[in-house]
Amino acid sequence: AQTVTQSQPEMSVQEAETVTLSCTYDTSENNYYLFWYKQPPSRQMILVIRQEAYKQQNATENRFSVNFQKAAKSFSLKISDSQLGDTAMYFCAFMNPISSGSARQLTFGSGTQLTVLP
Amino acid sequence: SAVISQKPSRDICQRGTSLTIQCQVDSQVTMMFWYRQQPGQSLTLIATANQGSEATYESGFVIDKFPISRPNLTFSTLTVSNMSPEDSSIYLCSVRGTLVSYNEQFFGPGTRLTVL
């Protein structure tokens with residue numbers, strides 16, 4: 001079974017600064033997907049960025065980028081030019097799209113609460 | 001991305017009663033899921049809603065407590081039966097497999113349930 005670990009329960013960053021959230025995972029699979037979700041106080045889960053394991057290039061979405069290290073099984077999220085609206089719980093998630101049954105489900109980390117300070 | 005709505009958005013219920021939560025998607029999707037999230041915690045998968053057949057439940061969740069229906073590719077319901085205060089939580093509907101993106105998973109806004 002896959003596991004996802006987020007070792008930083010809470011983090012804070014000054015507005016306009018850059019912050020990196022860490023995520024590690026454990027799997028024996030070679031093909032899989034990794035995601036970062038954001039959940040603000042409104043509790044709406046928002047997909048921030050995704051990475052396919054077969055792609056060497058790190059995914060980027062505007063101010064959000066990832067550092068994907070497949071050999072180290074690491075998938076960190078970098079937020080540049082942090083904004084107050086980035087304050088949220090951030091969840092790292094893993095999915096094996098090929099397997100059947102419960103192995104195809106999305107496995108979440110425990111989350112990192114990020115606070116952007118004015 | 002898929003647009004997902006849930007009803008109700010929140011409710012306060014008495015012990016021993018049941019509540020049915022509805023999930024509506026604006027487009028046909030392959031897979032629909034129901035999650036539970038305790039405040040400040042991560043998400044726990046309750047079950048996968050299967051169209052036209054019984055839902056597939058995860059360990060610790062049973063059909064008698066959480067009956068699920070999925071009559072078509074855009075709609076599902078989750079019922080929380082014979083509620084107790086321990087059922088107080090946020091319940092989220094989630095979908096995967098849209099025409100645009102097969103492997104991305106999207107979430108509804110959640111239903112905040114409080115059981116007295």
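The values are calculated or read from the model by the stated rules, or taken from the named source; none is laboratory data. Keep in mind the model is a prediction, meaning the values are calculated, not measured. Cβ atoms come from the backbone with ideal geometry, glycine included; neighbour counts cover every protein chain shown. Remember, those area values only see protein heavy atoms, side chains included, never the ligands or the DNA or RNA. Shrake-Rupley method; radii C 1.70, N 1.55, O 1.52, S 1.80 Å.
Listed values, structure above:
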quantity	calculated
Qualifying residue in segment A:57-71 (condition: closer than 20 Å to A:S7 by Cβ and either within 14 Å of another protein chain (Cβ to nearest Cβ) or assigned to a loop (DSSP other than H, G, I, E, B) (or both))	yes
In segment A:1-49, the residues that are within 12 Å of chain B (Cβ to nearest Cβ), of a type outside the set (A, V, I, L, M), surrounded by fewer than 18 Cβ atoms within 10 Å (Cβ to Cβ) and part of a loop (DSSP other than H, G, I, E, B)	A:P9, A:N31, A:P40, A:P41, A:S42, A:Q44
Segment B:1-16, subset assigned to a strand (DSSP E or B) and within 11 Å of chain A (Cβ to nearest Cβ), residue farthest from the chain's Cα centre (by Cα)	B:R10
Single residue of segment B:53-92 satisfying the filter (within 13 Å of another protein chain (Cβ to nearest Cβ) and in a strand (DSSP E or B)) that is surrounded by the most Cβ atoms within 10 Å (Cβ to Cβ)	B:L92
Residue count for segment A:73-107, restricted to those that are assigned to a strand (DSSP E or B), modelled with pLDDT of 95 or more and open to solvent by 10 Å² or more (accessible area, probe 1.4 Å)	4
Residue match in segment B:17-36 (condition: part of a loop (DSSP other than H, G, I, E, B), closer than 17 Å to B:L116 by Cβ and touching a residue at least 24 places away in the same chain (Cβ under 8 Å))	yes
Residues of segment A:50-66 satisfying the condition of being surrounded by 15 or more Cβ atoms within 10 Å (Cβ to Cβ) and farther than 19 Å from B:Q105 by Cβ	A:N58, A:S65
Enumeration of residues in segment B:15-24 that are surrounded by fewer than 21 Cβ atoms within 10 Å (Cβ to Cβ) and in contact with a strand residue (DSSP E or B) (Cβ under 8 Å, 6 or more places away or on another chain)	B:R15, B:S18, B:L19, B:T20, B:Q22, B:Q24
Output for segment B:25-52, where each listed residue is open to solvent by 70 Å² or more (accessible area, probe 1.4 Å), farther than 14 Å from B:Q6 by Cβ and more than 14 Å from every other protein chain (Cβ to nearest Cβ)	B:Q28, B:Q51, B:G52
Count of segment B:93-116 residues which are of a type in the set (D, E) and more than 8 Å from every other protein chain (Cβ to nearest Cβ)	0
